[in-house]
Structure formats: C-alpha cells, structure tokens
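One structure is given below, encoded as structure tokens.
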C-alpha cells in the first residue's frame, strides 16, 4: 500500500464524516469500481467538480451523438458533482468517483476500465495518475485548460517535472491565448486555443411544470436573484434588500446558495436582518410576507434564472476572496447579468462580456445598490442588458465545433 495509503484512508474517512464524501462509494476513491466495464470503445472523461462537470456534459453529449458505438466513463471528485451527474447522464455514460492519486489505486482503476482515450478537464495535474496514463500509452487530451501567470512562476522551479507531466497530453486545448502561452512556457508541445467550452453549454435544465406556481406566488413583485452565493454574500443581499425596500416595498430577493447545506446559516442571517424568509427545500413558495426566498435545492438554478429579470453572479463579493461563477448560464435564460469585482477564476469570460455590454461589473456595495435600484426601476435599462447578454451567447455558439475539430485526430482511432 505504501506510506501514503493509511493517511489517505484516514483522510477519506474524515471527509465522509463531514459529508464531503459518499460513504457508500468510498471504494471508488480507492480504485475499486462499482460498475462493470462495458464492451467496446470507452472514453474516460474526467471533471473535477460541479463547474467542470457542467462543461463535461456539453462534450459528453457531442461525443455520444457522433459515435453511436461509444461508451463514456465520467469521473468527478465531489459529492455535489456526482449528484449533478446522476440527474444528467445520458445512455451509454456512467459515473464513478475518481480515485485519489495513490499509485496502487490508480493502477486498479486503469486495469479495470482500460480506457481507449482520456479527456481531462481539471486544472490539477496528478503525478501518479498522469504517469500511469502515459505508461499505458493511452492518448490523452487536456481540455478547457487554464494556467495563470502566477502558476507559471511557481512551476518554473520544477519545470522539467511539469513538462514531463504535460507530455502525457497529445494536445492541450486552452481557453485563451494567455493560457496557451503559459502552457508553452512550461514545455507543452502542442497547444490550441479553443475558448471556454462553458460558452457552448446548453441552457441549464428547468422544470417547466414548476413555473406556473412560482409565477403565481410572486405575482407582480419586483425580483432579483443572487445566484450561487458563498459566505458573506447572503449578508450583503440582506443589507441591500433592507435599503432597497424603502423604494421597492414589495421587493423579493431570491438567494440560491452554491452549497445548499448552508441553509441554516442563511436563515439565521435573514432573521438577524429581520427579513422573513422561506426555504424552497421545505416545499414552501414565497408569500407576500416573505422578503427573501432561499432556493436551497440542487439543480434548480435554471428555474430562477428563467423567472427573474436580473441576476448577480455569486462568489464575486464573498468572504473567501471570490473567484466568480459562470455568467453564461444566466444570460442564456434571459437574465441581465451583474457581478462583483472578484471574478478572477473566470476573468477572461467576464472581461469579454463586460466589453460587449453583456454584463455589468459592480465596484463595491454602494455601486451594487445603485445599479440594482436602477435596473429594478428602469425596465428599458434592464432589457438592454439582457438583450446584449443574449447576443453575446449567440455569438459564441461555434465553440463546441472548434473543440470537436481539435479532438478529431485523437479520437479517430478510438
């Protein structure tokens, strides 16, 4: 097992107790499959968490559509991503948790699944996994790849090691020209810019049958959505609601937390601000007495993008330093997009949307209040922002074709 085995087992057990792992599926994290390998061609598509999983689904659908004989194994590393996949995986696709980066667990995983191709959609480079893929001579592609200048500076100290890891990939599909240049600086031989595959995503799924009840409950009230919120942003939403309600007394603020398990803390935050709140997970709809509606369910963000004219993208004002979440999803479903200053994880995407007038950057809390007031009281301004967002999304519709074209030579012999 090696020295790291007991430590990793202990780590998995602790994570399971903290609900960060699925206890019933811990063997998968140690390389033991819970499903048989299907006969025939198998592509392994790995995505780290929910964000990457959503992008992976775009690619997955295209792969299966173009090759009716293909099966795809999708792996992820988080419980939420597994839940997301369970709802979305089509026929000929199956999900497993990715094994932790222990040599024996990696070997067991590869020996069972024997993938013909590997498509890797994660920024982390796992040394044991990539070395094993390379030693098995499995063609691999790094997709939707990002690499910051800060990472390049850090990795230059071990450039030879990083170059060896990157040599596992037949080709690297980078999101931007800057990303491509950074990969080349670390020794990557073949890098192509295909843009961010998130641009090519189908709209988030939504239950159309749930719309009438929500529309009826909300009525003519002005509403806005704070989407995929993190710690600190619910408190900000409550402060804004309290001030805006002086001008818009029937305002409804909808909070969709990124992690629904934080619901108790969010309810407490609303109570501290004396704002009545309803929890969607209880089956409740917002009443006229509710100031805040907490959508603490998984997979319903699309529903709230559809009913609201305006959304602020979460983790752009959060206490953890921010980073942002995908704004395309809101624009696709007709929401005007606003966001805070801390969107470094998707900076290129937000910058491009801002330059096109398809999103609006908020400098600080005061600017947030001013712009939220303007957009909620001026339907022309809000509609203009929505329309520019829709136009931006339409202009990005060809990205998937570029990705598939770049993959074609690698996939041809699979």
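What follows draws every value from the coordinates through simple rules; no lab data is involved. Just so you know, these numbers come straight off a predicted model, no measurement behind them. So basically every Cβ, Gly included, is an ideal-geometry build from the backbone, and we count neighbours across all protein chains shown.
A few points about this structure:
- Exposure proxy ranking for 236, 59, based on other Cβ atoms within 10 angstrom of each Cβ and starting from the fewest, stands as 236, 59.
- With an a/c value of 1.5 or above and a/b not larger than b/c for the gyration tensor axes a ≥ b ≥ c computed over the alpha-carbon atoms, segment 296-353 is described as oblate.
- Rounded, prolate or oblate (a/c below 1.5 giving rounded, otherwise prolate when a/b exceeds b/c) for segment 171-244 by Cα gyration tensor: oblate
- Across the alpha-carbon set of the chain, the Rg to Rh ratio works out to 0.98, Rh being the Kirkwood radius.
- Relative contact order of the chain: 12 percent, from C-alpha pairs under 8 Å at least 6 residues apart in sequence.
- From most to least packed by mean Cβ count within 10 Å, the peptides 334-340, 107-113 give 334-340, 107-113.
- Distance (nanometres) between label positions extended 7 Å along Cα→Cβ at residue 297 and residue 177: 4.5
- Point-to-point label distance, residue 192-residue 159, nm (Cα→Cβ direction, 7 Å offset): 2.7
- Distance between segment 1-77 and segment 367-402 - C-alpha centres, whole angstrom: 36
- Entry note, the chain: the mean residue ellipticity at 222 nm calculated from DSSP H runs of n ≥ 4, each adding -39500 (n - 2.57), is -13000 deg cm²/dmol after division by the residues and rounding to the nearest 500.
- Remark: 228, 19 ranked as 19, 228, counting other beta-carbon atoms within 10 Å and listing the fewest first.
- Volume of the convex hull of segment 208-395 (Cα atoms only), normalised per residue: 108 Å³.
- Efficiency of FRET between residue 221 and residue 348 - r from beta-carbon atoms, R0 41 angstrom, step 0.05: 0.70
- For the chain, built as a Gaussian network whose Cα springs stay under 10 Å, the top-fluctuating residue of 27, 212, 38: 212
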